[in-house]
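Just so it is clear, none of the values below were taken in a lab; they were calculated from the coordinates. Keep in mind the model is a prediction, meaning the values are calculated, not measured. Methodologically, a virtual Cβ is constructed for each residue, glycine included, from the backbone with ideal geometry; neighbour enumeration extends over all protein chains shown.
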There are 2 protein chains.
Amino acid sequence: MDGTVLEPLLVDLYELTMAEAYRRGGMAEVPASFSLYVRTLPPTRPYLVAAGLADALDWLEALRFGEDELAALDGLGVLPAELLDLLADFRFTGTVRAVPEGTIVFAEEPLLEVDAPLLEAQLAETFLLNQVTLQTNLATTAARCRAAADGRSVVDFSLRRTHGIDAGMKVARVARIVGLDGTSNVAGAVRYGVPASGTMAHAFVQAHGDEREAFRLFAEAFGESSILLVDTYDSLRGIDRAIEVATELRGRGVELLGVRLDSGDLAELSRTARERLDAAGFDRMQIFASGDLDEFRIHRLVHEERAPIDGFGVGSSLGASKYAPTLNGVYKLTEVDGRPVRKTSVGKVTWPGRKQVWRAADGSHDVLALADEPAPGEGYVPLLEEVMADGVRRRPDPDLDEVHAHFCREWDALPDELRRIEEEPARRVVQVSDQLRATAAGVDARIEEGV
Amino acid sequence: MDGTVLEPLLVDLYELTMAEAYRRGGMAEVPASFSLYVRTLPPTRPYLVAAGLADALDWLEALRFGEDELAALDGLGVLPAELLDLLADFRFTGTVRAVPEGTIVFAEEPLLEVDAPLLEAQLAETFLLNQVTLQTNLATTAARCRAAADGRSVVDFSLRRTHGIDAGMKVARVARIVGLDGTSNVAGAVRYGVPASGTMAHAFVQAHGDEREAFRLFAEAFGESSILLVDTYDSLRGIDRAIEVATELRGRGVELLGVRLDSGDLAELSRTARERLDAAGFDRMQIFASGDLDEFRIHRLVHEERAPIDGFGVGSSLGASKYAPTLNGVYKLTEVDGRPVRKTSVGKVTWPGRKQVWRAADGSHDVLALADEPAPGEGYVPLLEEVMADGVRRRPDPDLDEVHAHFCREWDALPDELRRIEEEPARRVVQVSDQLRATAAGVDARIEEGV
């Protein structure tokens with residue numbers, strides 16, 4: 001469906017018009033550094049789970065302007081032949097320093113930094129922002145749903161609700177990173193190695209004259225992996241019929257996996273379902289729940305309502321959370337020709353200079369510093385690593401198992417108060433090194449002098 | 001980047017497990033009808049602009065399971081060889097009835113209906129929901145931003161904020177449908193024929209030692225299409241410098257297009273900018289604004305604050321609106337083997353039967369009816385048209401110019417009270433025909449009898 005998207009043209013026009021102005025001004029090759037970070041976190045989100053780096057690096061490595069792209073650009077009627085000639089020989093030659101995928105970060109901490117000739121670094125803005133902020137946002141949502149479920153299973157049901165196919169695939173990818181238990185998305189399961197998971201639709205029940213018959217046919221087809229959806233007409237009656245069919249199948253030596261609730265009062269229904277299943281001797285049959293779930297709803301079901309639910313299917317809120325429809329990620333010039341720069345727009349001030357983030361050994365705080373400062377003290381660990389040099393990856397990306405293992409270590413090191421699912425969560429504010437503050441003051445003085 | 005996505009596998013696993021159960025039960029070929037509609041509208045949204053049909057039809061026409069797909073499905077270890085054999089010969093042979101793209105519709109009105117053998121129709125669920133609800137949601141957002149701007153220009157700046165690449169491209173597509181004035185997305189502009197639009201980034205200003213010098217270089221490169229971004233350091237000072245540079249360029253016979261504000265109090269700043277530009281003799285230079293704009297903010301700027309802004313650039317809120325992070329679109333079985341069916345789950349009841357939506361000639365109301373009912377009266381127009389038969393399009397899709405023209409007619413016919421940008425907008429509730437109500441009651445009685 002996206003076969004005709006010209007991927008090198010996934011840029012904002014202004015990147016090309018600026019490229020032309022840099023070219024004319026003799027500035028295309030001036031060394032520059034940009035920092036990609038999230039300015040402020042969504043109100044209910046105390047942290048971010050970094051993701052999207054692999055796709056960002058893929059795009060940078062592949063970035064070329066072939067005949068089709070150059071013809072398309074020429075057709076815009078905005079860019080002169082001199083720029084198109086320059087783009088014909090373009091390749092990205094820069095350095096990328098980034099936090100590994102699966103790392104937990106906070107507002108104002110760079111997710112990645114690009115050091116490259118000004119024209120090259122500028123062209124990367126839109127694609128890098130798109131993929132890194134999307135995947136970071138999705139990974140954060142997935143991590144929070146997993147945390148809310150507190151050991152119960154969580155399955156991605158979001159593909160029908162995601163903003164298109166790319167987002168749907170990326171939900172499956174981050175599901176693997178944070179360790180969700182499965183995805184309904186078959187293409188995502190195949191591509192990213194997430195267990196494929198699914199039950200049945202209401203249509204299956206409706207398609208048969210009788211709910212019992214539908215359950216029986218499904219159970220005969222899928223045996224011990226069968227989960228029966230009980231709410232097509234009336235959930236309680238559906239539970240009773242599921243028990244009837246489970247009893248029949250037990251007579252043939254087959255134990256069904258469980259039932260799924262998808263509407264109504266899930267806490268109440270799950271208790272009744274548990275009682276009836278147990279009373280009928282099906283204490284090992286599981287109860288799955290879905291239907292407008294999100295991290296807060298799962299948290300309430302598990303921790304407040306003590307609902308006996310074994311697993312959750314999450315759709316809309318995993319695919320496009322209302323708590324964080326977007327992240328305000330930015331990609332800001334921080335240094336040009338060795339000179340630190342910053343923006344001082346109202347409400348949108350940026351820190352100057354190439355940076356490093358240092359995390360205290362006990363995980364209690366982070367320090368935002370200039371890249372060439374020494375560690376702020378004993379045991380601090382730097383989060384940004386050089387992952388690309390001269391436009392080529394320094395090493396193969398870690399596979400998703402490794403990324404997941406890294407995420408698990410990050411999660412284990414996250415203080416309790418930041419893990420909680422709360423409407424007004426604790427906030428971690430990154431500390432800023434003295435040297436970075438001094439550099440910023442110097443830049444401000446220069447701006448005040450009217451440069 | 002999505003080169004390895006196996007598009008036929010953009011299905012939820014349960015569609016394949018149900019397919020297997022239908023096959024085993026001898027029901028794969030039973031004629032069935034599904035209806036795709038949005039259950040309830042987002043709180044601030046009184047209508048939807050239908051979009052996404054072309055991509056849905058593309059996918060259905062192309063749907064085949066080749067060797068790679070079959071090997072991937074086999075690798076899941078869930079589906080038996082008999083189903084894979086059946087899928088090897090699969091093609092979609094059904095009929096699709098749909099409202100044309102650009103049509104304005106309301107809650108519970110089908111956007112499309114599929115009549116096909118049960119197995120085929122079921123497989124289409126996820127992809128159709130994904131694309132039709134995404135594009136319908138995006139088109140609705142774009143239409144509302146356009147309405148709020150009330151004749152001033154609106155440009156799509158969303159690519160960096162959309163949920164991935166597919167969504168970013170689809171924003172450009174719907175921008176064309178509803179008639180936005182441009183997109184910053186170069187790939188989208190090329191593919192969908194939207195004017196490419198852009199100004200400059202703060203980085204461009206920062207990259208030069210002096211804001212004036214940056215403006216001058218940009219203006220020299222882009223002459224009369226130059227829009228100078230004035231808020232990198234201080235917007236008012238930026239405006240004065242833009243005027244200096246505009247004066248220099250006027251001396252050389254070049255008139256700059258305008259300035260762009262991107263932070264601070266846009267109403268206040270735009271008034272000051274207007275005054276200073278006018279006083280300096282630049283009354284034809286335009287003022288563009290961007291920065292966390294959405295339909296409500298644009299509406300306030302235009303209608304309440306009377307800000308002298310000529311055009312708006314909208315990013316996050318066009319790409320992923322917090323007012324409608326997702327639509328609760330559903331795809332529900334409504335008829336099987338000639339028998340109307342419905343779901344009666346708590347809060348999720350569906351209307352049975354294949355449907356038509358009739359719009360009154362004066363546009364005052366719609367009637368939801370069974371597909372084979374006559375028109376409810378004189379002058380009613382049916383919204384659903386047969387667009388695919390035996391799995392093949394009935395005719396080529398209208399081009400995007402035609403879709404835009406159709407949207408414009410729809411918009412002109414929309415009553416004023418539904419066009420307004422209000423927190424609690426007027427609501428149109430679709431009327432339900434007597435025959436549809438009677439059919440539903442008949443289905444309920446059958447469900448009550450315990451089927």
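Distances from A:P374 to itself in the other copies, using label points 7 Å out along the Cα-Cβ axis, amount to 9.4 nm in increasing order.
For the range A:40-103, what is the convex hull volume of its Cα atoms per residue in Å³? Numbers along the way, then the final one.
On the way: hull volume 9.7 nm³, N = 64.
Cα-based convex hull of the range A:40-103, divided per residue, equals 152 Å³.
Restricting things to alpha carbons, find the Rg to Rh ratio for the range B:126-227 using the Kirkwood radius for Rh. A ratio of 1.08. Taken over the alpha carbons of the range A:294-422 as equal point scatterers, the Debye sum produces base-10 log I(q)/I(0) values at 0.12, 0.16 Å⁻¹ of -0.80, -1.23. With its label point defined 7 Å out from Cα along the Cα-to-Cβ axis, A:D89 lies at 5.9 nm from the matching points of the other copies, in increasing order.
Contact order for chain B, expressed relative to its length and based on alpha carbon pairs under 8 Å spaced 6+ residues apart, stands at 22 percent. Altogether, the Stokes-Einstein calculation at 25 °C and 0.890 mPa s, with the Kirkwood radius of the range B:155-319 over Cα pairs as Rh, returns a diffusion coefficient of 151 µm²/s. With contacts taken as Cα pairs under 8 Å and at least 6 residues apart, the range A:140-319 reaches a relative contact order of 27 percent. Working from Cα pairs under 8 Å separated by at least six residues, relative contact order for the range B:1-136 is 44 percent. Under 5 Å from the amide H of B:F312 lie the amide H atoms of B:S153, B:V154, B:V155, B:A289, each residue being 5 or more positions distant or on a separate chain, with H modelled from the backbone and absent for Pro and chain starts.
Rounding to the nearest 10 and keeping the result within 0 to 90°, find how far the Cα-based axis of helix B:434-448 lies from the longest principal axis of chain B. Around 60 degrees separate the two axes.
Please average, across the residues of A:325-338, the number of beta carbons from any other chain that are within 10 Å of each residue's own beta carbon, and give a whole number. Spell out each step's value before the answer.
Values: counts 12, 13, 3, 4, 2, 2, 3, 4, 8, 2, 1, 5, 2, 0.
That average works out to 4.
Residues in the range B:161-166 carry Karplus couplings, in order, of 10, 5, 7, x, 6, 4 Hz; the curve used is 6.51 cos²θ - 1.76 cosθ + 1.60 with θ = phi - 60°, and Gly or Pro positions show x. Each listed q (0.04, 0.07, 0.08 Å⁻¹) maps to a log10 I(q)/I(0) for the protein assembly as shown from the Debye sum over equal C-alpha point scatterers, namely -0.19, -0.57, -0.75.
In vacuum, with every alpha carbon of chain B counted as one equal point scatterer, what does the Debye formula give for log10 I(q)/I(0) at q = 0.06, 0.10 Å⁻¹? Two decimals, please. Computed log10 I(q)/I(0) values: -0.33, -0.79. Calculated mean residue ellipticity, 222 nm, chain B: -12500 deg cm²/dmol, from DSSP H runs (n ≥ 4) at -39500 (n - 2.57) each, averaged per residue and rounded to 500. Karplus-derived 3J(HN,Hα) values for the range A:91-108, using 6.51 cos²θ - 1.76 cosθ + 1.60 with θ = phi - 60°, are 8, 6, 10, x, 10, 10, 10, 8, 7, x, 4, x, 6, 8, 10, 10, 4, 6 Hz; glycine and proline are entered as x.
Shown for B:V432: label points 7 Å from Cα along the beta-carbon vector, and their distances to the equivalent points in the other copies, 5.9 nm in ascending order. Averaging Cα coordinates gives a centre for the range B:388-451 and one for the range A:67-127; these two points are 43 Å apart.
Counting only alpha carbon atoms, the long axis of helix A:125-149 and the longest principal axis of chain A meet at about 30°. Given R0 = 60 Å, the distance between the Cβ atoms of B:A62 and A:D283 translates into a calculated FRET efficiency of 0.80. Between amide H atoms placed 1.01 Å from N, distances below 5 Å from B:K355 occur with B:A371, all of them 5 or more places distant or on a separate chain. All C-alpha to C-alpha distances of the range A:229-294, sorted into 10 Å bins beginning at zero, yield P(r) values of 23, 56, 19, 2 percent in whole numbers.
Here the 3J(HN,Hα) profile of the range B:355-371, calculated from phi with Karplus coefficients 6.51, -1.76 and 1.60 at θ = phi - 60°, is 10, 9, 10, 10, 9, 4, 4, 8, x, 7, 6, 10, 10, 8, 9, 5, 4 Hz, Gly and Pro shown as x.
Please compute the average number of Cβ atoms from other chains found within 10 Å of each residue's Cβ in peptide A:233-239.
Details: counts 9, 5, 2, 0, 2, 1, 0.
Counting other chains' Cβ atoms within 10 Å and averaging over A:233-239 gives 3.
Quarter the surface of the alpha carbon convex hull of the range B:4-118 and you get the mean projected area, 8.6 square nanometres.
Label positions at B:R420 and A:D292, each projected 7 Å from the Cα along the C-beta direction, are separated by 2.7 nm. By the Cα gyration tensor, the range B:46-201 has an equivalent ellipsoid whose semi-axes, rounded to whole angstrom, run 35, 19, 11 from largest to smallest. For the range A:161-192 versus the range A:314-342, the spacing of their alpha-carbon centroids is 21 Å.
Distant-in-sequence amide contacts of A:V387, defined by a placed amide H-H separation under 5 Å and a gap of 5 or more residues or a different chain, comprise A:V96, A:R97, A:A98.
The simple spin-label model puts a point 7 Å past each Cα toward its Cβ; for B:R427 and A:E82 those points are separated by 6.1 nm.
Calculate the mean, over all residues of peptide B:125-133, of how many other protein chain Cβ atoms lie within 10 angstrom of the residue's Cβ. Write out the running numbers ahead of the final one.
Numbers: counts 4, 9, 6, 1, 3, 12, 4, 0, 4.
Per residue, the average neighbour count from other chains is 5.
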